[in-house]
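**Q** Please read through the structure below; I'll follow up with questions.
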Amino acid sequence: MSDSDPSGRPSTAAPNSDEVRRSFANQAAAFEDPARHFSNPDLAAWMRDNTPTAATDVVLEVAAGTALFGRALAPSVAAVVAVDLTVEMLEAGKAGAEAAGIRNVVFELGDATAMPYLGASFDLVVSRLAVHHFSDPAVPLSEMLRVCRPDGTIAVIDMVVVDEEQKDFFNELERRRDPAHTSALSRRELAAAITAAGAAVRHTATWDNVLQPAAWFAQTHTAPADVAHITAAWEDELAGGRPTGMDPRVVDGHLEFVHRWDLLVAVPASGVRH
C-alpha cells in the first residue's frame, strides 16, 4: 500500500470501514495478549485514576475495540456499553471480560460516526486510541457529545504528537505500519477538536507508552519493506537525523520507542456552570 499521492506527499486519505475492520480483525488477539502493553495493570490504573466515575454511572465506550478502557472502569460504575465496528474485537473483549468475572459490560456492533443511541443517554462517554483512525475527528467527537447527558462527562485518550513540526513524518511512518491509521493530532489539536465538538476540557493527563519494535510490527503484520523503512528512520534520528516524533532510544542494547498518550476529561459545554 502506498503512503504517497503522485506528488510524493504522504496521503491523507481516510481508510474505509472495510479496511478498518480488516486491520483490527487481525489485531484482536494482540489486544488480549497478557504479555503486551494493553494488559499493563499500571496503565489500567492510570485510566481509572484520571477518569471521574460514580457508582451509578452508565458508561459508553466508543470505537471500543476489546473495551480495555470500559473494562478498567467497570468495577466502579453501574454498567458499560462497548460499541465497535469489528466483530473479532468485540468477541475477544467479551471473552476477556467473562474470564475476568466482569459482568456489567455489554458489547455491541456499531459505528462511532453514527451511533444507534438516543441523545443524552450516558453519564460518561469514553474513547481510547480511536481518534487517529478517523479522517474527521469532529464526527465521532460530536457523536460522543450528542449521546452524553448534559451533566455528564467525556474522556478521550489518544496518541499525540508533541512537536507539531514532526506530525507529518510521524503520521507517514504510522501509516506505513498500519493502514488503518489516518492522522494523530498534536496535543493542541486534540484539545481544540474536543472543544470545537462542544465540550470544555477540565483535566489532562499523559502516559508515555514505551514500545518494543518487534511486537509493535507483529501486531499489525507490517510488511518487511515498511519495517525496514521505519527502523531506518529511527536509526537516522539516533544518528542526529530527522526527528520521527517517536523518541527512539537504545536501552540495554535494544531499540525501543515511545507513543505519548493524552487523556482529556471534558464536560458538555451546555452543562458548564460559569
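Any read-out appearing in this document is the output of simple, stated calculations on the displayed coordinates, not a laboratory observation. Being a predicted model, the structure only gives us computed values, none of them experimental. Note that each Cβ is placed from the backbone with ideal geometry, even for glycine, and that neighbours are counted across all protein chains shown.
**Q** Take peptides 259-268, 161-170 and line them up by average Cβ neighbours within 10 Å, highest first, as a rough protection proxy. Could the numbers behind the result be given before it?
**A** On the way: 259-268: 21.1, 161-170: 16.7.
Per-residue Cβ counts within 10 Å, averaged per peptide and sorted highest first, yield 259-268, 161-170.
**Q** Then there is this: Please sort 91-99, 198-206, 174-182, 247-255 by packing, taking for each peptide the average over its residues of neighbouring beta carbons within 10 angstrom, highest first.
**A** 174-182, 91-99, 198-206, 247-255
**Q** R0 = 30 Å: FRET efficiency of residue 151 with residue 48, Cβ-based, nearest 0.05? Intermediate results must be reported in sequence, preceding the final value.
**A** Working: r = 21 Å, r/R0 = 0.70.
Using R0 = 30 Å, I get an efficiency of 0.90.
**Q** For the range 217-226, what does the Karplus curve 6.51 cos²θ - 1.76 cosθ + 1.60, with θ = phi - 60°, yield as ³J(HN,Hα) per residue in whole Hz, taken in order and with x for Gly and Pro?
**A** With coefficients 6.51, -1.76 and 1.60, one gets 5, 5, 4, 10, 6, 5, 4, x, 5, 6 Hz.
**Q** In whole Hz, what ³J(HN,Hα) sequence does the range 179-190 give by Karplus (6.51, -1.76, 1.60; θ = phi - 60°), x for Gly and Pro?
**A** x, 7, 6, 9, 6, 6, 8, 6, 4, 5, 5, 5
**Q** Another one. Suppose a student asked you for the relative contact order of the range 150-274, using Cα pairs under 8 Å spaced at least 6 residues apart; what percent would you report?
**A** Working: 185 pairs, mean separation 56.8, N = 125.
Normalised by residue count, the contact order of the range 150-274 is 45 percent.
**Q** Right, another one. What is the magnitude of the charge dipole of the range 119-194 about its Cα centre, with +1 placed on the Cβ of each Lys and Arg, -1 on the Cβ of each Asp and Glu, and no other charges, expressed in debye to the nearest 20? Numbers along the way, then the final one.
**A** Details: 9 positive and 13 negative charges, 40 e Å.
Approximately 180 debye in magnitude.
**Q** Further, regarding this structure: Amide H of residue 61: which non-local residues (sequence gap of 5 or more, or other chain) have their own amide H closer than 5 Å, using H built in the peptide plane?
**A** Residues meeting the amide H criterion: 81, 82, 83, 126.
**Q** Right, something else. Around residue 107, what is the net charge, scoring Lys/Arg as +1 and Asp/Glu as -1 over all other residues with Cβ under 10 Å from its Cβ? Intermediate results must be reported in sequence, preceding the final value.
**A** On the way: positive: 94; negative: 61, 84, 91, 108.
Charge balance in the 10 Å sphere: -3.
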